[in-house]
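The values are calculated or read from the model by the stated rules, or taken from the named source; none is laboratory data. All values reported here derive from a predicted model rather than from experimental measurement. No Cβ is skipped: glycine too gets one built from the backbone with ideal geometry, and neighbour counts run over all protein chains shown. The accessibility values were calculated without ligands, DNA or RNA, using every heavy atom of the protein model including side chains. Shrake-Rupley method; radii C 1.70, N 1.55, O 1.52, S 1.80 Å.
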Amino acid sequence: MSEYSATISWQRGEHEPFVDQRYSRAHWWEFDGGVRVPASSSPHVVPLPWSVAEHVDPEEAFVAAISSCHMLTFLWLAARAGYRVESYRDEAVGIMEANARGRQAITRVTLQPLVQFGGERQPDLAALEQLHHQAHEECFIANSVTTVITTRIRV
């Protein structure tokens, strides 16, 4: 068993009201390695100025967590299969809409990885598809969510 933690903190501004939903959604995420990330609600959900567009929002972080987990699993599988990955870039997109229960949710995430390989051994498209399929099957985050995750491999 492994345990993971994050500290989330918010502080009302000195002259900021806390009425009628008019308060800043800006807050901080702190992680065990010492990283402190500025966060906010999404400006797509809570309008400006109450959201901070430059900060990471939970919806973006959710998409990033899925993409990151997939990538890390893919890199491990590729190395184990004898491929040398030179670069990996994913322009992942999440869609928020009503789910089957009528609640707003990130129902779909599309991963769009572009992987560059080096060295003598290069995977063909079938091997690349298999690596991504296996990465999806073994990704801890993908195994933890009900979101439909698809992979559109870019070559």
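Tabulated results
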| quantity | calculated |
| --- | --- |
| Probe 1.4 Å, accessible area per residue of the chain, Å² | 68 Å² |
| Amide hydrogen neighbours beyond the local backbone of R108, cut-off 5 Å, H modeled | I95, V148 |
| Segments 112-120, 94-102, 55-63 sorted - mean Cβ within 10 Å per residue, highest first | 55-63, 112-120, 94-102 |
| Region 1-56 - percent of accessible surface contributed by carbon and sulfur, probe 1.4 Å | 54 percent |
| 5 angstrom amide H check on R152, placed H, neighbours 5+ away | L111, Q112 |
| Viscosity 1.306 mPa s, temperature 10 °C, Stokes-Einstein D of region 58-151 from Kirkwood C-alpha radius, µm²/s | 114 µm²/s |
| Hz values of 3J(HN,Hα) by residue in region 92-106 - Karplus curve (6.51, -1.76, 1.60), Gly and Pro given as x | 6, 9, x, 10, 9, 7, 5, 8, 4, 8, x, 9, 5, 7, 7 |
| Rounded to 10°, Cα long-axis angle of helix 58-80 versus longest principal axis of the chain | 20 degrees |
